[in-house]
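Report on the structure given below.
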Amino acid sequence: MAEAPLDPRTTVGHVHLRVADLDRALGFYRDALGFREAWRDGGTVMLSADGRYPFALGLTATADPAPPGRCCGLYHAAFLLPGRAALGRLLRRLLERDVPLDGASDHLVSEALYLRDPDGNGLELYADRPREQWVWNGDQVDMTTRELDLRDLLAAGGDRSAPAPDGTRLGHVHLRVSDLGRAEAFYHEALGFDVTLRRYPGALFMAAGGYHHHLGTNVWAGQGIPPAATAGPGLAYFTISLPGQADLTRAIARLASHGSTSSAPADYGPCLGAGVYDLDGILVILTADHSPLPDQLAWRPAREPLGAARAT
């Protein structure tokens, strides 16, 4: 029997990073980018654009050193702004604060700025072009990399600088992986994301609901690089947000049918979550919101190993 397709409302939720210095990281995400604190417990802080749930980002302090060499994990976390003018105002804010950019690209479907946080985690700040301007060749989206006109982007934002506005959220996650075939086996075959672009050199892009990509994977750091680190600054996990609890149950069953063991659903206040490791040891938390959400948030961060079997 054919497997049910992934609900088109599925998206990414938030990304959770381990950082060497929590105050330093907060100074960047809060003061430079404009995210606001939504929840705190000891060495963990959750942030969002409006200071409320749902979160865009989590930060947890770690005293462990960074792993030596390049391994599987986060290539960049991409935060989607609600429009081109907002991206232009945020660009002006970054320039005013002397925040260096790694690059700026026109991807046809979107315009993007690239930078790094104080721990070296890759970040993308981007705005989508209207969907009617995206070009599809069958089931493959036309997406490439061209130089972005920063002067034109600044002009779109006017003379005012501003932080990431309300409505800014995690739009996609791009991962370093050891092998594109293994990434496709987990995220496409086991989880059910559609492959939206194969022809980009050394990369594979996937999404739900006709989006250009919720997940990017690449082997630009080398084929067969080591699995994701479990300690030190870097990616702790990212979440995939499913529309409802029935979708979470189906996703867990589908993973099991493909040989991936996930944890039993656990209560995280406004949502249920179940953890699973991909084939490169990257922790993914599947979530589904309760309905209705409580007014007062009582949340706890995901902590490894969440009962999930780690990929070997």
Check your understanding: Residues in segment 238-261 that are farther than 18 Å from residue 289 by Cα and open to solvent by less than 70 Å² (accessible area, probe 1.4 Å): how many?
Key -> 6
Revision key, fill the gap. Note: among 86, 155, just one is in contact with a Ser or Thr (Cβ under 9 Å, 6 or more places away or on another chain) and outside any strand (DSSP E or B), namely 86
Check your understanding: Restricting the first residue to segment 88-100 and requiring it to be in contact (Cβ under 8 Å) with a residue 60 or more places away in the chain and of a type outside the set (Val, Ile, Thr), which pairs with a second residue that is outside any helix (DSSP H, G or I) and open to solvent by less than 20 Å² (accessible area, probe 1.4 Å) meet a Cβ separation below 7 Å and a spacing of at least six or different chains?
Key -> 89/162; 90/81; 90/125; 90/162; 90/164; 91/113; 93/162
Check your understanding: For segment 76-117, what are the residues that are touching a strand residue (DSSP E or B) at 6+ places or on another chain (Cβ under 6 Å), open to solvent by 10 Å² or more (accessible area, probe 1.4 Å) and hydrophobic (A, V, I, L, M, F, W, C)?
Key -> 80, 101, 104
Review point. In a strand (DSSP E or B) and under 16 Å from residue 277 (Cα atoms), is that true of residue 248?
Key: no
Exercise for review: Tell me, please, whether a residue that is of a type in the set (Gly, Ala, Ser) and at pLDDT below 95 can be found in segment 221-229.
Suggested key: yes
Review point. Looking at segment 211-237, which of its residues are part of a strand (DSSP E or B) and either among the charged types (D, E, K, R) or crowded, with 19+ Cβ neighbours inside 10 Å (or both)?
Key: 215, 216, 217, 234, 235, 236, 237
Review point. Residue 49 passes all but one of (1) in contact (Cβ under 8 Å) with a residue 24 or more places away in the chain; (2) open to solvent by less than 10 Å² (accessible area, probe 1.4 Å); (3) under 27 Å from residue 229 (Cα atoms); which number fails?
Key: (3)
Study note, to complete from the structure: By residue number, the members of segment 56-75 that are within 30 Å of residue 127 (Cβ to Cβ) and open to solvent by 10 Å² or more (accessible area, probe 1.4 Å) are 60, 70, 74, 75
Exercise for review: Could you list all residues from segment 12-26 that are touching a residue at least 40 places away in the same chain (Cβ under 8 Å) and not β-branched (Val, Ile, Thr)?
Suggested key: 13, 14, 16, 17, 18, 20, 21, 24, 25
Practice item. Quick one: count up the residues across segment 160-177 that are of a type in the set (A, V, I, L, M, F, W, C) and either part of a strand (DSSP E or B) or under 8 Å from the mean Cα position of the chain (by Cα) (or both). Key: 3
Practice item. State which residue is farthest from residue 258 (Cα to Cα) when the search covers only segment 195-210 and only residues that are surrounded by 20 or more Cβ atoms within 10 Å (Cβ to Cβ) and in contact with a helix residue (DSSP H, G or I) (Cβ under 6 Å, 6 or more places away or on another chain). Key: 204
Revision key, fill the gap. Here the residues within segment 179-202 that are out of contact with any strand residue (DSSP E or B) (no Cβ under 8 Å at 6 or more places or on another chain) and touching a residue at least 12 places away in the same chain (Cβ under 8 Å) are 179, 182, 185, 186, 189, 190, 192, 200
Point to revise | Scan of segment 178-194 for residues that are open to solvent by less than 10 Å² (accessible area, probe 1.4 Å) and over 18 Å from the mean Cα position of the chain (by Cα), ordered by number | key: 190
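For (1) assigned to a helix (DSSP H, G or I); (2) more than 17 Å from the chain's Cα centre (by Cα), each residue gets a yes or a no:
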position: 47; (1), (2): no, no
position: 60; (1), (2): no, no
position: 71; (1), (2): no, yes
position: 95; (1), (2): yes, yes
Practice item. Select from segment 1-45 the residues that are in a helix (DSSP H, G or I) and open to solvent by 60 Å² or more (accessible area, probe 1.4 Å) and list them in ascending order. Key: 23, 24, 30, 31
Practice item. Kindly list, by first and then second residue, each pair from a residue in segment 139-168 that is open to solvent by 60 Å² or more (accessible area, probe 1.4 Å) to a residue that is outside any loop (DSSP other than H, G, I, E, B) and acidic (Asp, Glu), limited to pairs with Cβ atoms under 8 Å and residues at least 6 apart or on different chains. Key: 139/194; 145/106; 146/106; 147/106; 149/106
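The values are calculated or read from the model by the stated rules, or taken from the named source; none is laboratory data. Note that the coordinates shown come from a computational prediction; the quantities given were computed from them, not determined experimentally. Neighbour counts run over all protein chains shown; Cβ positions are idealised from the backbone, glycine included. These area figures cover heavy atoms from the full protein model, side chains too; ligands, DNA and RNA do not enter into them. Shrake-Rupley method; radii C 1.70, N 1.55, O 1.52, S 1.80 Å.
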